[in-house]
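Worksheet: the structure to be examined is printed underneath.
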Amino acid sequence: MEEPGQLKRALIDATAGAISGGISRTVTSPLDVIKIRFQVQLEPTSSWALLRRDLPGSSKYTGMFQATKDILREEGLPGFWRGNVPALLMVMPYTAIQFVVLHKLKTFASGSSKSADHINISPYLSYISGALAGCAATVGSYPFDLLRTILASQGEPKVYPNMRSAFFDIIRTRGFKGLYAGLSPTLVEIIPYAGLQFGTYDTFKRWTMSWNRLRSSNTSSTMDDSLSSFQLFICGLAAGTCAKLVCHPLDVVKKRFQIEGLQRHPKYGARVEHHAYMNMFDALRRILQLEGWHGLYKGIVPSTIKAAPAGAVTFVAYEFTSDWLESILT
């Protein structure tokens with residue numbers, strides 16, 4: 001197959017990335033909504049934490065099943081896809097930028113623009129490429145991430161009826177820089193997160209290909225070392241889980257900055273007031289001091305459950321869409 005030119009290759013990566021990101025975000029939106037509700041709740045988010053004497057009750061959400069039941073009862077099925085429009089507007093350019101930059105970096109590192117050759121670059125370059133690609137994608141799509149968080153966390157009654165009203169109110173009250181509230185912890189988070197996600201994905205792929213070669217030699221079959229869709233799914237699942245477990249506390253901090261000043265109904269508990277945290281380190285310190293270690297891992301269960309299929313769906317959809325586009329455009 002003819003090797004695609006640079007512009008065509010960028011188009012393939014951008015399109016495949018946007019499609020895979022959109023599918024993944026839509027499929028996992030219910031888990032993302034629950035995760036956000038936990039992360040922005042200042043009160044404890046588990047029943048056992050409520051029993052501790054140093055943490056006051058009562059909490060709106062105290063577990064995944066309880067949160068699912070409450071959201072379904074109060075907001076209906078559409079409540080689980082609240083904020084999905086800005087989420088798609090965020091994740092589609094995010095994944096498009098991410099995969100284009102990632103491919104460029106891997107092409108530079110390997111000396112070849114063929115995706116098949118990229119698996120041979122060192123693990124360190126895989127991690128670095130993933131981290132830099134994540135940073136570029138974050139800066140390019142961040143305002144939509146902020147709008148998604150606000151719309152997904154507001155509950156009922158709504159503070160903002162739609163994305164447009166939220167956008168103009170943020171511009172009016174916080175200025176243009178308000179659209180980038182929480183960017184610092186996001187970039188600090190995305191460097192290890194994207195690095196781990198893409199680095200471990202490539203590592204798991206190498207391990208699986210080696211296992212395929214070993215199995216092929218043991219059975220004397222003609223099977224090559226290419227990966228099946230199920231193996232790609234498992235590699236993506238493992239990569240997404242590893243990255244999320246390490247970086248979750250910074251995601252909690254990011255969400256707190258994003259919803260500063262949001263006037264939610266009192267039934268959702270204490271609000272995060274304007275300028276509640278001076279900076280990222282102050283936020284980490286205050287959350288740890290007031291909410292304990294558990295506070296830094298609020299939403300970790302739905303987040304981990306979401307990260308696994310989200311990573312798997314993203315990588316599998318990208319690989320198949322990329323191969324399909326490459327076959328028809330070259």
TODO: Only residues that are of a type in the set (A, V, I, L, M, F, W, C) and open to solvent by less than 20 Å² (accessible area, probe 1.4 Å): list them for the stretch 241-288, please.
DONE: Ala243, Cys247, Val252, Val253, Ile259, Leu262, Val272, Ala283, Ile287
TODO: Please state which of the following conditions Leu232 fails to meet, knowing it meets all the rest: (1) at pLDDT below 85; (2) of a type outside the set (Val, Ile, Thr); (3) open to solvent by 20 Å² or more (accessible area, probe 1.4 Å); (4) touching an Asp or Glu at 6+ places or on another chain (Cβ under 8 Å).
DONE: (3)
TODO: Mind checking which helices (runs of 4 or more DSSP H) fall wholly inside the stretch 60-151 and carry at least 2 residues that are over 29 Å from Gln263 (Cα atoms) and small (Gly, Ala, Ser)?
DONE: 84-110, 115-118
- [ ] Tally the residues that are surrounded by fewer than 17 Cβ atoms within 10 Å (Cβ to Cβ), modelled with pLDDT under 80 and of a type outside the set (Gly, Ala, Ser), restricting the search to the stretch 195-229.
- [x] 7
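Quick check on this structure: which one of Leu77, Leu125 is at pLDDT below 80 and surrounded by fewer than 18 Cβ atoms within 10 Å (Cβ to Cβ)? So that I can check it myself, show each step before the final result.
Working: Leu77 fails: at pLDDT below 80.
Sole residue among the options that is at pLDDT below 80 and surrounded by fewer than 18 Cβ atoms within 10 Å (Cβ to Cβ): Leu125.
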Task: For Leu227: the one exception among (1) over 17 Å from the mean Cα position of the chain (by Cα); (2) more than 21 Å from Gly155 (Cβ to Cβ); (3) part of a helix (DSSP H, G or I) - done: (3)
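The values are calculated or read from the model by the stated rules, or taken from the named source; none is laboratory data. Owing to the predicted nature of the structure, the values given are computational and were not obtained by experimental measurement. Quick reminder, even Gly has a Cβ in these numbers, built from the backbone with ideal geometry, and neighbours come from all protein chains shown. The protein model used for the area step is the full one, side chains on, heavy atoms only, and it has no ligands, DNA or RNA in it. Shrake-Rupley method; radii C 1.70, N 1.55, O 1.52, S 1.80 Å.
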